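Have a look at the structure below, then the notes.
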């Protein structure tokens, strides 16, 4: 990678869930953020495909799931700060992970680089194709896919 382009990376977005490759992507993103003195933006998506129809229609259930996700993403933020990342932001969105990252989170956060795991914890990829493949194909910013 061109050294000048690497120096211009000031905002790194990382997508997290509890899958092994997302955990690895998070560690890679922290390391890059520290090396480049970049802001680390941690995002997680509340995927409606993981809820049954009754859960999706229940305001209390969705609110509870979102609240749990907000607490969980704050744990990621704490880990990043303790690891030495100076600036950390968090973003939660709801819907299809790939689409939300590309269409909502990236425009909202304006990252220079997106780091994601190759697989997602959701089983949806077997029906619609890999979330990572969708993101790589449609992202307006460079994507580093971690295996």
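Rule-based calculations on the coordinates, nothing more; no lab input. Just so you know, these numbers come straight off a predicted model, no measurement behind them. All Cβ positions, even for glycine, are placed from backbone atoms using ideal geometry, and neighbour counts span all protein chains on display.
The figures follow:
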item: Ranked packing of 36-47, 102-113, most packed first, by mean Cβ within 10 Å; result: 36-47, 102-113
item: Packing-based ranking, highest mean first, of 83-89, 131-137 given that Cβ atoms within 10 Å are counted; result: 131-137, 83-89
item: Estimated distance in nm for a label pair at residue 10 and residue 99, the labels positioned 7 Å out from Cα along Cα-to-Cβ; result: 3.3
